Amino acid sequence: MIYELERRAALEAVIKACNLASAVQAAHLAGGVLDKEDKSPVTVADFGAQAVVSEHLAAVFPRDPLVGEESSALLRLPENAQLKDSVLKHVRMITPRLSEKDVFAAIDRGSAEGGSKGRFWTLDPIDGTKGFLRGDQYAVALALIEDGQIRLGVLGCPSLPLVSLQGQAGSVFVAVRGQGAAITGTEQLQERKIRVADIANPSDALFCESFESTHSSHDDMDEIVKLLGVKRPPLRMDSQAKYGILARGDGTVYLRLPTMKAYVEKIWDHAAGFILVEEAGGKVTDLNGKPLDFSQGKTLVKNKGIIATNGKLHDIVLSAVQRVVHI
Ligand code: AMP
Ligand code: MG
(Lines give C-alpha, C1' and ligand atoms only; values in the text may rest on other atoms or scores of the structure.)
(Ligands and ions follow the chains in the order given, each with its own letter.)
Protein backbone atom coordinates (compact mmCIF):
# COMPACT_ATOMS: atom_id res chain seq x y z
CA MET A 1 0.00 0.00 0.00
CA ILE A 2 1.28 3.44 -0.94
CA TYR A 3 2.49 5.55 2.05
CA GLU A 4 2.43 2.48 4.29
CA LEU A 5 5.75 3.34 5.93
CA GLU A 6 4.77 6.98 6.40
CA ARG A 7 1.41 6.00 7.86
CA ARG A 8 2.96 3.66 10.40
CA ALA A 9 5.72 6.10 11.40
CA ALA A 10 3.25 8.99 11.76
CA LEU A 11 0.90 6.90 13.93
CA GLU A 12 3.75 5.76 16.17
CA ALA A 13 5.12 9.30 16.47
CA VAL A 14 1.74 10.84 17.33
CA ILE A 15 0.92 8.12 19.88
CA LYS A 16 4.26 8.76 21.59
CA ALA A 17 3.46 12.48 21.75
CA CYS A 18 -0.05 11.74 23.07
CA ASN A 19 1.43 9.64 25.87
CA LEU A 20 3.87 12.41 26.74
CA ALA A 21 1.15 15.07 26.70
CA SER A 22 -1.31 13.11 28.82
CA ALA A 23 1.43 12.37 31.39
CA VAL A 24 2.22 16.10 31.62
CA GLN A 25 -1.48 16.98 31.83
CA ALA A 26 -2.17 14.37 34.50
CA ALA A 27 0.73 15.66 36.64
CA HIS A 28 -0.54 19.21 36.18
CA LEU A 29 -4.19 18.47 37.00
CA ALA A 30 -3.24 16.25 39.96
CA GLY A 31 -2.03 19.42 41.67
CA GLY A 32 -5.65 20.20 42.65
CA VAL A 33 -6.32 23.91 42.30
CA LEU A 34 -5.01 25.09 38.96
CA ASP A 35 -2.90 28.18 38.73
CA LYS A 36 -4.49 29.88 35.73
CA GLU A 37 -1.43 32.03 35.15
CA ASP A 38 0.93 29.08 35.05
CA LYS A 39 1.35 28.18 31.39
CA SER A 40 4.41 25.99 31.98
CA PRO A 41 2.66 22.58 31.68
CA VAL A 42 1.55 23.30 28.15
CA THR A 43 5.00 24.65 27.31
CA VAL A 44 6.58 21.42 28.56
CA ALA A 45 4.08 19.34 26.58
CA ASP A 46 4.56 21.49 23.46
CA PHE A 47 8.35 21.17 23.38
CA GLY A 48 8.27 17.56 24.53
CA ALA A 49 5.73 16.48 21.91
CA GLN A 50 7.63 18.23 19.11
CA ALA A 51 10.87 16.55 20.27
CA VAL A 52 9.46 13.00 20.28
CA VAL A 53 7.60 13.34 16.97
CA SER A 54 10.57 14.94 15.25
CA GLU A 55 13.02 12.36 16.61
CA HIS A 56 10.77 9.50 15.53
CA LEU A 57 10.27 10.86 12.00
CA ALA A 58 13.98 11.66 11.58
CA ALA A 59 14.88 8.05 12.34
CA VAL A 60 12.68 6.80 9.48
CA PHE A 61 12.83 9.73 7.03
CA PRO A 62 16.06 11.61 7.78
CA ARG A 63 15.74 13.85 4.73
CA ASP A 64 12.17 15.01 5.27
CA PRO A 65 11.84 18.62 6.54
CA LEU A 66 9.39 19.40 9.35
CA VAL A 67 7.35 22.57 9.76
CA GLY A 68 6.65 22.69 13.48
CA GLU A 69 5.26 25.32 15.78
CA GLU A 70 8.17 25.38 18.25
CA SER A 71 11.91 26.17 18.30
CA SER A 72 14.31 25.48 21.16
CA ALA A 73 15.44 29.13 21.56
CA LEU A 74 13.31 29.68 24.68
CA LEU A 75 14.50 26.46 26.28
CA ARG A 76 18.16 27.43 25.90
CA LEU A 77 17.79 30.57 28.05
CA PRO A 78 19.47 30.17 31.46
CA GLU A 79 16.38 31.44 33.26
CA ASN A 80 14.37 28.55 31.77
CA ALA A 81 16.58 25.78 33.18
CA GLN A 82 13.71 24.33 35.21
CA LEU A 83 11.46 24.21 32.15
CA LYS A 84 14.22 22.52 30.17
CA ASP A 85 14.74 19.89 32.89
CA SER A 86 11.04 19.14 32.89
CA VAL A 87 11.00 18.77 29.08
CA LEU A 88 14.01 16.43 29.21
CA LYS A 89 12.43 14.33 31.96
CA HIS A 90 9.17 13.88 30.06
CA VAL A 91 10.88 13.22 26.70
CA ARG A 92 13.06 10.53 28.30
CA MET A 93 9.99 8.81 29.76
CA ILE A 94 8.93 8.23 26.14
CA THR A 95 12.26 8.09 24.31
CA PRO A 96 14.99 7.09 26.78
CA ARG A 97 18.65 7.95 26.37
CA LEU A 98 18.25 11.17 24.38
CA SER A 99 20.86 13.76 25.35
CA GLU A 100 20.02 17.43 25.84
CA LYS A 101 21.69 18.11 22.51
CA ASP A 102 19.56 15.45 20.80
CA VAL A 103 16.38 16.97 22.20
CA PHE A 104 17.29 20.51 21.12
CA ALA A 105 18.26 19.23 17.67
CA ALA A 106 15.00 17.30 17.35
CA ILE A 107 12.94 20.37 18.26
CA ASP A 108 14.89 22.55 15.84
CA ARG A 109 14.47 20.12 12.96
CA GLY A 110 10.95 21.55 12.97
CA SER A 111 12.03 24.90 11.56
CA ALA A 112 11.31 24.31 7.86
CA GLU A 113 9.21 26.89 6.01
CA GLY A 114 6.94 24.72 3.84
CA GLY A 115 5.91 25.93 0.40
CA SER A 116 4.68 24.63 -2.94
CA LYS A 117 7.59 22.35 -3.91
CA GLY A 118 8.73 19.02 -2.52
CA ARG A 119 7.75 17.06 0.51
CA PHE A 120 7.54 18.07 4.18
CA TRP A 121 5.71 17.23 7.39
CA THR A 122 3.81 19.75 9.46
CA LEU A 123 3.16 19.40 13.18
CA ASP A 124 1.14 21.12 15.84
CA PRO A 125 2.63 19.41 18.91
CA ILE A 126 -0.20 20.60 21.19
CA ASP A 127 -3.14 22.09 19.34
CA GLY A 128 -5.72 23.64 21.68
CA THR A 129 -3.34 24.75 24.43
CA LYS A 130 -6.18 26.47 26.30
CA GLY A 131 -8.11 23.19 26.38
CA PHE A 132 -5.02 21.35 27.56
CA LEU A 133 -4.68 23.72 30.52
CA ARG A 134 -8.39 23.52 31.37
CA GLY A 135 -8.33 19.72 31.30
CA ASP A 136 -10.49 19.69 28.16
CA GLN A 137 -9.74 18.68 24.57
CA TYR A 138 -6.41 19.12 22.81
CA ALA A 139 -4.70 17.32 19.92
CA VAL A 140 -1.37 16.31 18.46
CA ALA A 141 -1.69 16.99 14.72
CA LEU A 142 0.75 15.70 12.10
CA ALA A 143 0.42 15.79 8.30
CA LEU A 144 2.53 15.01 5.26
CA ILE A 145 2.43 17.51 2.37
CA GLU A 146 3.85 16.92 -1.12
CA ASP A 147 3.93 19.72 -3.69
CA GLY A 148 1.31 21.62 -1.72
CA GLN A 149 -1.07 18.64 -1.47
CA ILE A 150 -1.85 16.84 1.79
CA ARG A 151 -1.11 13.13 1.48
CA LEU A 152 -1.58 11.85 5.00
CA GLY A 153 -2.75 13.08 8.38
CA VAL A 154 -2.73 11.71 11.90
CA LEU A 155 -4.66 13.41 14.67
CA GLY A 156 -4.17 12.22 18.24
CA CYS A 157 -6.80 13.31 20.79
CA PRO A 158 -5.76 11.84 24.15
CA SER A 159 -8.83 13.17 26.00
CA LEU A 160 -11.43 12.26 23.38
CA PRO A 161 -13.04 8.97 24.43
CA LEU A 162 -12.98 6.17 21.94
CA VAL A 163 -16.58 5.18 22.51
CA SER A 164 -16.95 2.39 20.02
CA LEU A 165 -13.70 0.51 20.66
CA GLN A 166 -14.23 -0.79 24.20
CA GLY A 167 -13.68 2.41 26.16
CA GLN A 168 -10.02 3.02 25.46
CA ALA A 169 -9.02 6.46 26.68
CA GLY A 170 -7.86 8.42 23.64
CA SER A 171 -8.87 8.62 19.98
CA VAL A 172 -6.31 8.63 17.18
CA PHE A 173 -7.48 9.39 13.65
CA VAL A 174 -5.57 8.56 10.49
CA ALA A 175 -6.20 9.28 6.82
CA VAL A 176 -4.20 8.71 3.64
CA ARG A 177 -5.24 10.34 0.35
CA GLY A 178 -7.43 7.91 -1.57
CA GLN A 179 -7.50 5.32 1.23
CA GLY A 180 -10.27 6.63 3.49
CA ALA A 181 -10.15 7.53 7.16
CA ALA A 182 -9.87 5.33 10.23
CA ILE A 183 -9.87 5.58 14.00
CA THR A 184 -7.75 3.75 16.54
CA GLY A 185 -6.84 4.22 20.19
CA THR A 186 -3.83 5.61 22.01
CA GLU A 187 -3.50 2.25 23.75
CA GLN A 188 -4.31 -0.27 21.07
CA LEU A 189 -3.85 -0.47 17.34
CA GLN A 190 -7.06 -2.13 16.26
CA GLU A 191 -8.52 0.12 13.54
CA ARG A 192 -12.02 0.89 12.33
CA LYS A 193 -13.02 2.83 9.20
CA ILE A 194 -14.97 6.03 9.83
CA ARG A 195 -17.41 8.13 7.77
CA VAL A 196 -19.08 11.49 8.17
CA ALA A 197 -22.74 11.65 9.26
CA ASP A 198 -25.39 10.99 6.62
CA ILE A 199 -27.45 14.09 7.39
CA ALA A 200 -29.08 16.16 4.64
CA ASN A 201 -31.29 18.45 6.72
CA PRO A 202 -29.45 21.23 8.58
CA SER A 203 -32.00 21.19 11.39
CA ASP A 204 -30.66 17.74 12.41
CA ALA A 205 -27.00 18.80 12.28
CA LEU A 206 -24.60 19.26 15.17
CA PHE A 207 -22.49 22.37 14.59
CA CYS A 208 -19.05 22.62 16.24
CA GLU A 209 -17.01 25.73 17.06
CA SER A 210 -14.01 26.84 19.12
CA PHE A 211 -14.45 27.02 22.85
CA GLU A 212 -12.60 30.34 22.72
CA SER A 213 -14.72 33.18 21.32
CA THR A 214 -11.52 35.00 20.31
CA HIS A 215 -10.71 32.16 17.86
CA SER A 216 -14.11 31.97 16.15
CA SER A 217 -17.11 34.29 16.44
CA HIS A 218 -19.79 32.75 18.63
CA ASP A 219 -22.18 35.59 17.72
CA ASP A 220 -21.94 34.89 13.98
CA MET A 221 -22.40 31.17 14.68
CA ASP A 222 -25.60 31.91 16.63
CA GLU A 223 -27.00 33.81 13.66
CA ILE A 224 -26.05 31.08 11.19
CA VAL A 225 -27.65 28.26 13.18
CA LYS A 226 -30.78 30.35 13.66
CA LEU A 227 -30.97 31.03 9.93
CA LEU A 228 -30.69 27.31 9.18
CA GLY A 229 -33.17 26.23 11.87
CA VAL A 230 -30.58 24.05 13.63
CA LYS A 231 -32.21 22.40 16.66
CA ARG A 232 -29.19 21.57 18.81
CA PRO A 233 -26.96 24.30 20.31
CA PRO A 234 -23.40 24.42 18.87
CA LEU A 235 -20.83 22.16 20.49
CA ARG A 236 -17.86 24.17 21.78
CA MET A 237 -14.58 22.30 21.79
CA ASP A 238 -10.88 23.13 21.64
CA SER A 239 -8.44 21.92 19.01
CA GLN A 240 -8.68 19.87 15.82
CA ALA A 241 -10.62 17.29 17.83
CA LYS A 242 -13.56 19.08 16.11
CA TYR A 243 -12.41 17.67 12.75
CA GLY A 244 -12.20 14.22 14.38
CA ILE A 245 -15.74 14.54 15.74
CA LEU A 246 -16.91 15.43 12.22
CA ALA A 247 -14.97 12.65 10.50
CA ARG A 248 -16.46 9.98 12.75
CA GLY A 249 -19.98 11.29 12.29
CA ASP A 250 -20.65 12.63 15.80
CA GLY A 251 -20.65 16.24 14.59
CA THR A 252 -21.88 17.47 11.21
CA VAL A 253 -20.43 20.94 10.61
CA TYR A 254 -17.35 22.76 11.94
CA LEU A 255 -17.16 26.52 11.38
CA ARG A 256 -14.23 28.83 12.06
CA LEU A 257 -15.57 32.37 11.72
CA PRO A 258 -12.90 35.10 11.79
CA THR A 259 -12.89 37.44 14.78
CA MET A 260 -10.28 39.80 13.35
CA LYS A 261 -9.46 40.76 9.78
CA ALA A 262 -5.71 40.35 10.10
CA TYR A 263 -5.60 36.77 11.42
CA VAL A 264 -4.24 34.15 9.04
CA GLU A 265 -4.71 30.47 9.83
CA LYS A 266 -1.59 28.29 10.29
CA ILE A 267 -1.16 25.16 8.17
CA TRP A 268 -0.51 22.94 11.23
CA ASP A 269 -3.89 23.94 12.68
CA HIS A 270 -5.77 22.38 9.74
CA ALA A 271 -3.65 20.01 7.64
CA ALA A 272 -4.35 16.79 9.55
CA GLY A 273 -8.00 17.64 10.23
CA PHE A 274 -8.60 18.63 6.60
CA ILE A 275 -7.52 15.31 5.04
CA LEU A 276 -9.30 13.40 7.78
CA VAL A 277 -12.66 15.00 7.00
CA GLU A 278 -12.18 14.75 3.22
CA GLU A 279 -11.21 11.08 3.38
CA ALA A 280 -14.19 10.40 5.67
CA GLY A 281 -16.45 11.71 2.86
CA GLY A 282 -16.80 15.35 3.98
CA LYS A 283 -15.80 18.66 2.46
CA VAL A 284 -13.59 21.52 3.69
CA THR A 285 -13.35 25.02 2.17
CA ASP A 286 -12.87 28.56 3.35
CA LEU A 287 -15.69 31.09 3.78
CA ASN A 288 -15.60 31.92 0.07
CA GLY A 289 -16.02 28.26 -0.84
CA LYS A 290 -12.38 28.06 -1.99
CA PRO A 291 -10.26 24.96 -1.31
CA LEU A 292 -7.63 25.40 1.43
CA ASP A 293 -4.23 26.21 -0.11
CA PHE A 294 -1.41 24.54 1.82
CA SER A 295 1.28 25.58 -0.68
CA GLN A 296 1.85 29.11 0.64
CA GLY A 297 4.37 28.46 3.41
CA LYS A 298 3.40 28.31 7.06
CA THR A 299 0.02 30.01 6.70
CA LEU A 300 -3.22 29.68 4.76
CA VAL A 301 -2.72 33.21 3.47
CA LYS A 302 -5.01 32.66 0.47
CA ASN A 303 -7.95 31.61 2.66
CA LYS A 304 -10.30 33.20 5.20
CA GLY A 305 -12.03 31.14 7.87
CA ILE A 306 -13.02 27.47 7.59
CA ILE A 307 -16.18 25.58 6.69
CA ALA A 308 -15.97 21.82 7.21
CA THR A 309 -19.07 19.73 6.65
CA ASN A 310 -20.29 16.20 5.96
CA GLY A 311 -20.45 17.21 2.26
CA LYS A 312 -24.22 17.00 1.85
CA LEU A 313 -24.70 20.19 3.89
CA HIS A 314 -21.81 22.13 2.38
CA ASP A 315 -23.61 24.35 -0.11
CA ILE A 316 -26.47 25.29 2.17
CA VAL A 317 -24.10 26.06 5.07
CA LEU A 318 -21.81 28.05 2.78
CA SER A 319 -24.64 30.28 1.62
CA ALA A 320 -25.89 30.84 5.19
CA VAL A 321 -22.34 31.75 6.29
CA GLN A 322 -22.05 34.20 3.41
CA ARG A 323 -25.31 35.89 4.38
CA VAL A 324 -24.07 36.44 7.94
CA VAL A 325 -20.30 36.98 7.65
CA HIS A 326 -18.93 39.75 5.45
CA ILE A 327 -15.23 39.36 4.74
P1 AMP B 1 -9.25 26.13 18.69
O2 AMP B 1 -8.82 25.24 19.79
O3 AMP B 1 -10.04 25.46 17.63
O4 AMP B 1 -9.88 27.40 19.18
O5 AMP B 1 -7.93 26.54 17.91
C6 AMP B 1 -6.70 26.72 18.52
C7 AMP B 1 -5.82 27.45 17.54
O8 AMP B 1 -6.33 28.74 17.31
C9 AMP B 1 -4.42 27.70 18.03
O10 AMP B 1 -3.58 26.66 17.63
C11 AMP B 1 -4.03 29.00 17.37
O12 AMP B 1 -3.07 28.79 16.36
C13 AMP B 1 -5.31 29.50 16.74
N14 AMP B 1 -5.60 30.92 16.97
C15 AMP B 1 -4.98 31.80 17.77
N16 AMP B 1 -5.54 33.04 17.66
C17 AMP B 1 -6.53 32.94 16.76
C18 AMP B 1 -7.48 33.88 16.19
N19 AMP B 1 -7.52 35.15 16.56
N20 AMP B 1 -8.36 33.43 15.26
C21 AMP B 1 -8.35 32.12 14.90
N22 AMP B 1 -7.48 31.21 15.40
C23 AMP B 1 -6.58 31.59 16.31
MG1 MG C 1 -2.78 24.95 17.11
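Kindly state which helices (runs of 4 or more DSSP H) lie completely within the range 56-165 and contain at least 2 residues that are in contact (Cβ under 8 Å) with a residue 24 or more places away in the chain and open to solvent by less than 20 Å² (accessible area, probe 1.4 Å). Spell out how you get there, then give the answer.
Values: elements: 73-76, 81-94, 100-108, 129-134.
In the range 56-165, the matching helices (runs of 4 or more DSSP H) lie at 81-94, 100-108, 129-134.
Only residues in the range 191-212 that are touching a residue at least 60 places away in the same chain (Cβ under 8 Å) and part of a strand (DSSP E or B) count as the first member; pair them with residues that are aliphatic (A, V, I, L, M) and open to solvent by less than 20 Å² (accessible area, probe 1.4 Å), Cβ under 8 angstrom, at least 6 apart or cross-chain, and list the lot.
Qualifying pairs under 8 Å: Ile194/Ala181; Ile194/Ala182; Ile194/Ile183; Ile194/Ala247; Ile194/Ala280.
Look at the range 123-157 and say how many of its residues are within 16 Å of ligand 1 (Cβ to nearest atom) and β-branched (Val, Ile, Thr). Outline the logic, then answer.
Filtering the range 123-157 for residues within 16 Å of ligand 1 (Cβ to nearest atom) gives 123-143, 153, 155-157.
Next, from what is left, pick out any that are β-branched (Val, Ile, Thr): 126, 129, 140.
Count: 3.
Matching residues to (1) more than 22 Å from Phe294 (Cβ to Cβ); (2) of a type outside the set (D, E, K, R); (3) open to solvent by 10 Å² or more (accessible area, probe 1.4 Å):
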| site | (1), (2), (3) |
| --- | --- |
| Arg195 | yes, no, yes |
| Asn201 | yes, yes, yes |
| Phe207 | yes, yes, no |
| Ser210 | no, yes, no |
| Met221 | yes, yes, no |
| Arg236 | yes, no, yes |
| Leu255 | no, yes, no |
| Ile267 | no, yes, no |
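If we only count strands (runs of 3 or more DSSP E) wholly inside the range 234-311, which ones have 1 or more residues that are of a type outside the set (Asp, Glu) and in contact (Cβ under 8 Å) with a residue 60 or more places away in the chain? Step through it out loud before you land on a result.
Values: elements: 253-256, 283-285, 306-309.
So the answer is 253-256, 306-309.
I'm trying to understand the selection: among the residues of the range 234-266, which are near ligand 1 (Cβ under 7 Å from one of its atoms), over 14 Å from Asp136 (Cβ atoms) and within 12 Å of the chain's Cα centre (by Cα)?
Listed by number, the list holds a single entry, Lys266.
Given the criteria over 21 Å from Phe61 (Cα atoms), out of contact with any helix residue (DSSP H, G or I) (no Cβ under 8 Å at 6 or more places or on another chain) and of a type outside the set (A, V, I, L, M), does Pro96 qualify?
For Pro96, the condition - over 21 Å from Phe61 (Cα atoms), out of contact with any helix residue (DSSP H, G or I) (no Cβ under 8 Å at 6 or more places or on another chain) and of a type outside the set (A, V, I, L, M) - is not met.
The values are calculated or read from the model by the stated rules, or taken from the named source; none is laboratory data. The structure displayed is predicted, hence computed values, not measured ones. Every residue, glycine among them, receives a Cβ derived from its backbone with ideal geometry; neighbour counts consider all protein chains shown. The area values use the complete protein model at the heavy-atom level, side chains included, leaving out ligands, DNA and RNA. Shrake-Rupley method; radii C 1.70, N 1.55, O 1.52, S 1.80 Å.
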